[in-house]
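Reading through the structure tokens given below for one structure.
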């Protein structure tokens, strides 16, 4: 007699945990990489704007890249006397698609 048997195991909880852990890592990486990109792009006179770019965890699975220099908005959007020198929007244009690909590859 020959006997074949198959055992089905529910691996769904383990898969969900792995996806969540990898997603958390990608979100954190996005914050770190976003800071690097923005710092590399920001116009520099005194270095204050560059030194005030940081990322912060807002809540689980949510980071934001922020520029805390008081004149950041003037650099990004310009004034009536100064043309825009964007650094945050181009950073998002580069890092956003990278992040989306990483998240898409998780599923």
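The values are calculated or read from the model by the stated rules, or taken from the named source; none is laboratory data. Computed from a predicted structure; not experimentally measured. Cβ coordinates were reconstructed from backbone atoms using ideal geometry, including for glycine residues, and neighbour counts include every protein chain displayed.
Couple of notes before you dig in:
- For the range 36-57, a residue qualifies if it is touching a residue at least 24 places away in the same chain (Cβ under 8 Å), surrounded by fewer than 20 Cβ atoms within 10 Å (Cβ to Cβ) and closer than 14 Å to residue 89 by Cα, and the qualifying residues are 41, 43.
- Tabulated pairs, the range 80-93, first in contact (Cβ under 8 Å) with a residue 40 or more places away in the chain, second part of a loop (DSSP other than H, G, I, E, B), C-beta under 7 angstrom, 6+ apart or interchain: 85/43; 87/42
- Evaluated against (1) over 30 Å from residue 106 (Cβ atoms); (2) under 15 Å from the mean Cα position of the chain (by Cα), residue 43 falls short on exactly one condition, (2).
- Complete set of residues in the range 86-107 that are assigned to a loop (DSSP other than H, G, I, E, B) and surrounded by 15 or more Cβ atoms within 10 Å (Cβ to Cβ): 86, 87
- One residue from 103, 92 being closer than 30 Å to residue 12 by Cα and touching a helix residue (DSSP H, G or I) at 6+ places or on another chain (Cβ under 9 Å): 103
- Residue satisfying all of: in the range 58-79; surrounded by fewer than 17 Cβ atoms within 10 Å (Cβ to Cβ) and touching a residue at least 24 places away in the same chain (Cβ under 8 Å); nearest to residue 19 (Cα to Cα) among these: 61
- Residue pairs whose Cβ atoms lie under 7 Å apart, sitting 6 or more positions apart in sequence or on different chains, and linking a residue in the range 7-23 that is within 21 Å of residue 60 (Cβ to Cβ) to a partner that is at pLDDT 85 or above, are 23/61; 23/103.
- Lone unmet requirement of (1) surrounded by fewer than 11 Cβ atoms within 10 Å (Cβ to Cβ); (2) under 19 Å from the mean Cα position of the chain (by Cα) for residue 23: (1)
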